[in-house]
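The values are calculated or read from the model by the stated rules, or taken from the named source; none is laboratory data. Since the model is a prediction, treat every value here as computed from it, not as a measurement. Neighbour counts are summed over all protein chains in view; Cβ atoms, including those assigned to glycine, are modelled from backbone coordinates with ideal geometry.
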Amino acid sequence: MKSIFCLFAWGVLNVLTVFGQSYTGPIQKPTSGYGAEGSYAVAIQSFPNPNFLGHDIVIYYPEGITSSVPTLFYSHAYGGNNPANISGFLNFVAKKGYAVVFVPYPTVGATVGERYANLLDGFIQAAHDYPDIIDTTKVGFVGHSFGGGAVYANAYYCFATLNWGLSGRFIFSMAQWYTFHISQTELEAFPKDVKFLAIVYEDDVSNDHRMTNDIFTTIGIPSSEKDYLMIPSANIGGYDYAADHQVPNNTAFDALDYYAYYRLLDAMCDYVFNGNEEAKDVALGNGSENQITMPEGMPDLIQSDVPNFANEQSTYLFPCDSHNNPRQAHCDAVISVSTSVKNTHISLTPNPANTFFHVETEQIISQIDIFNQQGQLVKSASTKDVSIAELCSGLYFVRVGLVNNHLKVCRLIKE
């Protein structure tokens, strides 16, 4: 996978440029039930994107339909403006009998507000121009990272102003970034009939979980119609199922995608669009066995009604308390870090480093993981002296795990 970092007014943002997905790993795709492939052939309709020339808006839908179908509106991660990044997801949705709209927005040269507008304009244009495909009475808004933060404002507009989803509507947000252009009042007044599933990933070192915790706690959707899940990592037969920031878009397209993403989304669609209460037990099961159970030795998903999943804010590239976060004031309301963690001193010497570095701390270390700028794990160690001679020059993030299960992330410059 080729990824880059881009520097602009907000700082450094992860830029995703994965092309295509091929299934990997020892655990096979589900062959029945939620998460199994549907039976429809897939048709694709594209049309020019007036706000991002050369990057068409794309609709994946079931081939041969004779009337419009329930539709998902997908908001991609920052830099993930090629639909090949999520080809598995787009095809999965269409094979199950639904449509999905993918709207690219520019990575650089645009403000957050312009990107939100790019997404919203594309969704509205798709619905207007293709009413024979898109049924706006049954809709879902799905997003990851930047797109996960964007779904709330755009969904609120479509629900409250355009009256979309009067026969069924939901939000499905993963590893969200900061949330803009929706007020506290609007969040608290969210339509009560909307269903909501929020997902974070155990080893995400990009986006602070507090941002998801905040929205989940604040949004005015009844607790019986919303749920919050953390996806844990696993190693099965020597294969790493890494629950990190790039899961929905990674070239490691595997059981995490099918069982911790597609399965839940499939059930959410069946519950919201078809009224199937058995599907609710999977999508919004409040920790039910049907919701959290994963296959073949993978750890169960972790559910919470009052989420407080988060490491110290220095763990993340984008902490909740950043001045760039318009909801910065709400970070401390949803989680607090223990005093022992706040007072833990960890430093790396020398830094910059050439061939090795030493972790300076009085605490006992359980593991050290080194990530590149794309959030990919490039090396692990278990001692305080770590050789990095084989790494390329550049910026790295060193995650230090302590025996008390606390984590801290430090920046390292490799010369």
(request) Mind checking which strands (runs of 3 or more DSSP E) fall wholly inside the stretch 41-109 and carry at least 2 residues that are surrounded by fewer than 21 Cβ atoms within 10 Å (Cβ to Cβ), out of contact with any helix residue (DSSP H, G or I) (no Cβ under 8 Å at 6 or more places or on another chain) and assigned by TED's automatic domain parsing to the domain that holds P131? (result) 42-47
(request) Would you be able to tell me the number of residues in the stretch 110-158 that are among the hydroxyl-bearing types (S, T, Y) and either within 20 Å of L90 (Cβ to Cβ) or assigned to a loop (DSSP other than H, G, I, E, B) (or both)? (result) 4
(request) Could you please let me know if A260 is at pLDDT 95 or above and either surrounded by fewer than 20 Cβ atoms within 10 Å (Cβ to Cβ) or within 17 Å of V194 (Cα to Cα) (or both)? (result) no
(message) Cβ-Cβ under 7 Å, sequence separation 6+ or interchain: first residue in the stretch 89-102 and touching a residue at least 24 places away in the same chain (Cβ under 8 Å) and closer than 11 Å to I133 by Cα, partner of a type outside the set (K, R) and in a helix (DSSP H, G or I). Which pairs?
(response) Y98/C269; V100/L90; V100/V93; V100/A94; V101/F123; V101/A126
(request) Tell me, please, whether a residue that is touching a helix residue (DSSP H, G or I) at 6+ places or on another chain (Cβ under 6 Å) and within 23 Å of Q28 (Cβ to Cβ) can be found in the stretch 301-320. (result) yes
(message) Looking only at the stretch 374-396, count every residue that is among the polar types (S, T, N, Q) and either assigned by TED's automatic domain parsing to the domain that holds D240 or under 11 Å from I413 (Cα atoms) (or both) and tell me the total.
(response) 1
(request) Report, by residue number, each residue of the stretch 30-40 that is within 17 Å of F89 (Cβ to Cβ) and either more than 25 Å from the chain's Cα centre (by Cα) or surrounded by 17 or more Cβ atoms within 10 Å (Cβ to Cβ) (or both). (result) P30, Y34, G35, A36, Y40
(request) Residue by residue through the stretch 219-255, note down the ones that are without any contact (Cβ under 8 Å) to a residue 40 or more places away in the chain and either under 17 Å from H144 (Cβ atoms) or in contact with a Cys (Cβ under 9 Å, 6 or more places away or on another chain) (or both). (result) none
(request) Select from the stretch 244-259 the residues that are within 13 Å of S22 (Cα to Cα) and outside any helix (DSSP H, G or I) and write down the one among them that is nearest to the chain's Cα centre (by Cα). (result) N250
(message) One residue is enough: does the stretch 114-125 have a residue meeting the conditions in contact with a Pro (Cβ under 8 Å, 6 or more places away or on another chain), under 14 Å from Y61 (Cα atoms) and assigned by TED's automatic domain parsing to the domain that holds P50?
(response) no
(request) Sort out which residues of the stretch 135-153 are surrounded by 24 or more Cβ atoms within 10 Å (Cβ to Cβ) and among the polar types (S, T, N, Q), and write them in order of number. (result) S145
(message) Based on this model, can you work out whether Q176 counts as surrounded by fewer than 20 Cβ atoms within 10 Å (Cβ to Cβ) and either among the polar types (S, T, N, Q) or not in a loop (DSSP other than H, G, I, E, B) (or both)?
(response) no
(request) Sort through V200, V205 and tell me the only one that's outside any loop (DSSP other than H, G, I, E, B) and of a type in the set (A, V, I, L, M, F, W, C). (result) V200
(request) Please enumerate the residues belonging to the stretch 208-231 that are touching a Pro at 6+ places or on another chain (Cβ under 6 Å) and either in a strand (DSSP E or B) or of a type in the set (D, E, K, R) (or both). (result) D208, Y228
(request) Name the one entry in Y262, Y241 that is farther than 26 Å from S183 by Cβ and over 15 Å from the mean Cα position of the chain (by Cα). (result) Y241
